[in-house]
1. Test each condition in (1) closer than 30 Å to D41 by Cβ; (2) in contact with a helix residue (DSSP H, G or I) (Cβ under 7 Å, 6 or more places away or on another chain) for P77 and report the one that comes out false.
2. Counting only residues that are polar (S, T, N, Q) and within 14 Å of A60 (Cα to Cα), which one in region 110-158 is farthest from the chain's Cα centre (by Cα)?
3. I'd like to check which strands (runs of 3 or more DSSP E) are fully inside region 55-158 and have at least 1 residues that are in contact (Cβ under 8 Å) with a residue 12 or more places away in the chain and surrounded by 20 or more Cβ atoms within 10 Å (Cβ to Cβ).
4. May I ask you to list the residues in region 4-14 that are touching a helix residue (DSSP H, G or I) at 6+ places or on another chain (Cβ under 9 Å) and assigned to a loop (DSSP other than H, G, I, E, B)?
5. Could you figure out which of (1) more than 13 Å from M36 (Cβ to Cβ); (2) in contact with a Phe, Trp or Tyr (Cβ under 7 Å, 6 or more places away or on another chain) isn't true of Y58?
6. Can you name the residue in region 1-52 that is among the hydroxyl-bearing types (S, T, Y) and in contact (Cβ under 8 Å) with a residue 12 or more places away in the chain and, of all such residues, is surrounded by the fewest Cβ atoms within 10 Å (Cβ to Cβ)?
Amino acid sequence: MNISELTVEEVIPHSRKMVFLDKLESADESHLLASMCIREDAYFIKEASVPAWVGIEYMAQAIAAYAGVLAKNEGEPIKVGLLLGTRRYTSKVPSFPLGQTLFIRVEPLHNEESGLGVFECGIYPATDTGECAKEPWVVANLNVYQPHDVDAFLAGER
């Protein structure tokens, strides 16, 4: 997948105000790696850090970006997806400090034609050289659903 010319806003159906990821680093059928920096205007920032539990949203946005990149490559429209839940959300840190660059990696474990999927996710700190660290700060499996017709699904028709 060639993502060098794609922005995060082009592949996820969020308004810019709610887009937390900064950049798409790499992607193919087996993964997506995105990055972001914790800034002073970040949602949920308190006492110069963002609680680690907010990482679930960072992971969900990376999954949305993965789905968006796949859709763009196939010439399909970007569709809305839903976070159903998580299993085994484990964090080695209580929060992400102001100024910290994070890398969010998502890998599909299971995808069904129905739109249900499971992703293995990790949030990695940047090293002193700005590279993605080898060991994650946060790991989780996220369960997601991308209905074929989101409007019908939200109206309770399916």
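1. So P77 meets the others, but not (1).
2. The qualifying residue farthest from the chain's Cα centre (by Cα) is Q146.
3. Filter on region 55-158 gives 95-97, 101-111, 116-125, 138-145.
4. L6, I12, P13, H14
5. The one condition Y58 does not meet is (1).
6. Among them, the one singled out is S30.
Every number here is computed from the coordinates shown, using simple stated rules; none is lab data. Computed from a prediction, not measured in an experiment: that's the story for all the values here. With ideal geometry, Cβ positions are generated from the backbone for all residues, glycine too; neighbour counts draw on all protein chains shown.
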